[in-house]
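Structure, as structure tokens:
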Amino acid sequence: MLRFAKTRIGAFRREARGLAAVEFALILPVMIALLFGMAELSRAIFCRTAISQIASTVADLIAQENSVDAGDFTNVYNAANVILYPYYPDVSSQKPTIRITSVIYDANKSDGMSGTVDWTCNQPGSGTLSPATLSKGSNVSFGKKLLSSGGSVLMVEVAYNYSPPTTYEIVGGLEFNDKFYTKPRRVAQIPAPESCT
């Protein structure tokens, strides 16, 4: 009996026909996880880049105007949403949160590193901005000297809650935020639109 057991164990140890299949079965889950992980990472990086592009595009479009109205904001928001559309067709139901704010020079703060909100206009969406609201007269600090006497700065904030399509249950949603500053090109201060506060 002992000799038979030794013979069978020895034969089993020398047998290599199923070795590749066993190794493949052990490695396959790791390979699948890497494949999905790389795909999700690529989509997340694109989304983060698109959020930065939305912030700069919205700021650039508004900065080119002498004055803006509700129709201009609708067009700008539509253009911003299209930036995400090719890869996120559900963007119509899950839009990015966009806040456009005109910050004017405050003579009481002559350092040029902070100013006062003149007006702000929002597109509600899936992301969360901090602070959640800005109202006329609120103070805004930049950290750099961006304002000069009689001037203004357009501040565009974008937030988007990205939901990974294949790994949402594992990692949940990711919040992407960006902020962009620019000065109006044709006027020192864009007048407050009627549709915004």
Hey, what angle do you get for helix 70-84 against the long axis of the chain, alpha-carbon based, 0 to 90 degrees rounded to 10? 20 degrees
Charge tally for neighbours of residue 165 with beta carbon under 9 Å away, counting Lys, Arg as +1 and Asp, Glu as -1, is 0
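Excluding residue 63 itself, what net charge comes from residues whose Cβ is under 13 Å from its Cβ, given Lys and Arg +1 and Asp and Glu -1?
Combined, the nearby Lys, Arg, Asp and Glu give 0.
Sort 61, 174 so the one with the fewest other Cβ atoms within 10 Å of its own Cβ comes first.
On the way: 61 18, 174 15.
Ascending number of Cβ neighbours within 10 Å: 174, 61.
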For a protection proxy built on the mean count of beta-carbon atoms within 10 angstrom, sort 46-57, 138-149, 26-37 highest first, please. 46-57, 138-149, 26-37
To the nearest 10 degrees, how steeply does helix 19-63 sit against the main Cα axis of the chain, on a 0 to 90 scale? 10 degrees
Ranked on Cβ counts within 10 Å of their own Cβ, fewest leading, 3, 99 go 3, 99
Listed by chain and number, the lysines with an alpha carbon less than 29 angstrom from that of residue 136, same-chain partners under 8 positions apart left out, are 95, 109, 144, 145, 179, 183
Looking at (1) 1.36; (2) 1.00; (3) 0.93, which value of Rg/Rh (Cα atoms, Kirkwood Rh) comes from a calculation on the structure shown? (1)
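Each value in this text was obtained by applying a stated rule to the coordinates, not by laboratory testing. A quick note: this is a predicted structure, and the numbers were derived from the prediction, not measured. When we count neighbours, we look across all protein chains shown, and the Cβ atoms used for this are built from the backbone with ideal geometry, even at glycine.
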